[in-house]
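Below: one structure, written as structure tokens.
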Amino acid sequence: MYELFYTWLLPTSLAGAVAALLGCALTPLLKRLSWRGQRRALGCITGFFLLPVGPLLALAPGLKRSTGLEPVGQALEQAAQAAVHTVNISTQPVMTAPLAQPVEPVQPQLAGQLLAVLPWLWALGAVLFTLWQLVGYWRFCRALRRMRGPLSEAEQSLLRRVSLESGHIAPPKAWVCPGMSTPLLAGVLRPVLYLPQGMDEQALELALRHELAHLNSGDLWGKAALRLACRIHWFNPLCHWQAARMERLCELACDEAAVRGLNTEQRKAYGRVLLAAAAGPLPAGASGMSAGPENLKARLFALFEQRKANRRQMLAAAAGVLAAVCLTACAAAGLSAGVSAEPESLAANGLEQLSFLQQQSQPATREAVPAPMPEPEEKPALAEGQASVQWMREEQSVAGEYEYEQDESLADGQYVIERSATDGLDEVSGWAFYDEQDILVDYQEVDRITLQAPVKGIVRYNGDLNLVRSAVESSEAGQQNAADSETQVSLIWPVPGYTYVSRWMSDYHKGADVIAPSGTQVCAMAAGTVTAAGYHYSYGNYVIIDHEGGVRTLYSHLNDLNVGADTQVKQGAVIGTVGSTGNSTGIHCHVEVYVNGERRSLREWFPEY
């Protein structure tokens with residue numbers, strides 16, 4: 001939804017608005033043209049509301065796609081704080097704080113929340129606007145079907161004659177409806193003509209010339225496209241204004257075609273027909289002589305105007321329209337192009353601020369990597385004790401290492417961490433072998449792709465290297481176990497029947513993936529209250545539990561849920577079973593732990609797993 005709204009819809013709506021304003025600026029140049037020419041010129045400009053010219057041009061070589069949210073997304077990002085502490089390991093064996101501190105969680109911002117809600121408000125408005133038009137058109141057509149009756153012989157003869165004169169070998173299907181003041185056409189695929197009852201022959205002939213001019217010019221399809229644009233861009237007033245201009249030009253162009261070749265008296269008679277038909281606008285989907293009383297004066301004056309542009313004026317108008325189209329296309333491409341970013345950027349950030357399910361910002365943009373190896377057509381043979389084999393693709397973190405540099409400027413027994421080691425990320429593909437109980441018994445790695453290379457940490461030291469290395473490692477372990485001293489809540493392992501942990505929390509992964517057979521019980525890690533339980537497009541079936549001490553746990557991709565919202569659970573209570581629902585790469589339970597709103601690694605409580 002976010003990709004559709006911010007990458008495609010908004011640039012298209014803005015491009016249409018630019019085109020409408022340029023069309024308004026061209027009015028003095030276009031007014032010399034015939035009404036038919038003006039309708040065609042503005043029709044080219046109006047098409048920018050329906051054709052996503054900007055996003056399509058942004059896909060061209062040399063232009064990079066953008067979500068349109070990067071400026072706000074960059075504004076929401078928070079820079080890491082840097083600090084360097086010198087530690088004397090002989091008296092205080094505690095690790096120095098690294099230069100690159102973890103990014104603080106994004107705090108809820110009104111702008112982000114609004115940006116997350118806007119796509120859904122647009123969808124709701126589009127649905128309601130469409131239903132309103134469709135219901136009105138359906139009621140109108142139902143009333144016409146109830147009142148309609150067959151044409152008289154004279155009316156059928158007149159319709160055939162006027163149809164032949166207008167270039168229609170077979171006249172459209174027609175009915176008579178009492179109470180109507182003017183003929184009208186309803187429908188797009190199979191138009192039906194409804195004629196008023198008791199209209200004199202001359203007035204009826206003039207009205208038929210108008211309606212058949214609509215058929216000849218394809219106005220029913222054009223008006224349908226205008227209604228579609230107004231439904232999509234219901235929030236854009238310039239789209240409705242441009243649609244009203246096009247509706248007016250359609251009626252003026254049809255009037256021009258209907259009175260072509262008529263003398264002054266016949267044009268006056270046509271004007272009287274327009275006066276009789278000025279009852280108000282018709283519902284969406286219908287086309288008649290009445291385009292509303294507000295346009296009646298201009299239509300009556302236009303009946304006696306002789307618009308005929310010379311060649312120079314026509315070339316100037318064509319050049320103006322071409323320039324407007326080119327300028328709008330360039331502006332649309334500029335609205336849709338920019339520095340490439342992760343597709344979810346701020347749209348996801350806004351959603352994260354509204355829901356605990358996506359509190360943290362999305363991972364940083366990765367560099368282009370080779371495509372993963374597709375599943376081979378031939379499966380390997382099963383060995384004894386193996387019941388099935390499945391192609392598995394998962395991401396694995398690669399631990400970052402430290403590089404130690406001797407620095408005699410430091411006091412003996414001191415060290416400084418200039419840069420912390422950062423874990424990398426690999427995508428591993430291979431064959432997973434299961435026994436009859438769906439327990440993983442063997443795994444054969446076939447392909448490995450580096451998504452993000454690990455970053456080596458740098459430590460400057462002076463003294464015994466082994467002692468420094470031991471101090472750095474123990475200090476990191478101390479940081480990981482710091483959560484135990486910050487909260488009084490004691491956590492238990494969430495999946496007692498697990499096989500192994502395929503991924504721990506990293507910069508690229510929000511929690512721990514605990515691999516276990518499908519249907520394995522998932523337990524509450526501590527006593528607490530279930531604050532949410534349901535389905536999420538990414539997490540699948542999930543459960544969120546609030547515990548004491550500001551601790552919150554999330555369990556996702558579950559097969560079954562055994563609890564609901566507001567349920568009080570004890571430590572070890574079964575809340576669901578392992579599955580593979582939502583955006584999952586295989587059967588596992590994804591676990592996340594938060595302390596006072598900050599995401600923490602499950603490894604802090606279970607370093608030995």
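Remarks
- Estimated distance in nm for a label pair at ALA298 and LEU228, the labels positioned 7 Å out from Cα along Cα-to-Cβ: 2.6
- Inter-label distance, nm, simple model (7 Å from Cα along the C-beta direction), GLU608/LYS379: 3.8
- Across the stretch 126-219, the relative contact order, built from alpha-carbon pairs under 8 Å that are at least six residues apart, equals 24 percent.
- Rounded if a/c under 1.5, otherwise prolate or oblate - the stretch 393-461, Cα gyration tensor axes: prolate
- Cα-projected label distance for TYR500 with SER518, points at 7 Å along beta-carbon direction, nm: 2.2
- Extension gain, TRP391-LEU29: 0.36 nm per intervening residue step, less the Cα-Cα distance, totals 123.7 nm.
- Under 18 Å from the LEU467 label point (7 Å along Cα→beta-carbon), backbone N, the stretch 397-418: 404-417
- The stretch 367-475, relative contact order [Cα under 8 Å, separation at least 6], %: 35
- Computed from backbone phi, the HN-Hα couplings of the stretch 246-253 come to 5, 4, 5, 5, 4, 5, 5, 5 Hz, rounded to whole numbers (Karplus: 6.51 cos²θ - 1.76 cosθ + 1.60, θ = phi - 60°; Gly and Pro given as x).
- FRET efficiency, ASN263 to LEU131 (Cβ-Cβ, R0 60 Å, nearest 0.05): 0.80
- Heavy-atom surface analysis with a 1.4 Å probe gives the stretch 168-259 a carbon and sulfur content of 61 percent of its accessible area.
- Overall form of the stretch 112-170 per C-alpha gyration tensor (a/c, 1.5; a/b vs b/c): oblate
- Between GLY576 and VAL522, ASN562, the built amide H atoms are under 5 Å apart, and every one of these is 5 or more places off in sequence or on another chain.
- When the C-alpha to C-alpha distance is required to be over 28 Å, the pairs from LYS31/LYS297; LYS510/LYS570; LYS223/LYS297; LYS379/LYS510 that qualify are LYS379/LYS510.
- What separates the Cα centres of the stretch 534-565 and the stretch 200-274 is a distance of 59 Å.
- Computed extension gain for LYS173 through ALA399, at 0.36 nm per residue and net of the alpha carbon distance, reaches 73.8 nm.
- Computed over protein heavy atoms with a 1.4 Å probe, the accessible surface of the stretch 389-449 works out to 50 Å² per residue.
The values are calculated or read from the model by the stated rules, or taken from the named source; none is laboratory data. On a predicted model such as this, the values are computed, not experimentally measured, just so you know. Note that we place each Cβ from the backbone using ideal geometry, even for glycine, and neighbour counts take in every protein chain shown. The area values use the complete protein model at the heavy-atom level, side chains included, leaving out ligands, DNA and RNA. Shrake-Rupley method; radii C 1.70, N 1.55, O 1.52, S 1.80 Å.
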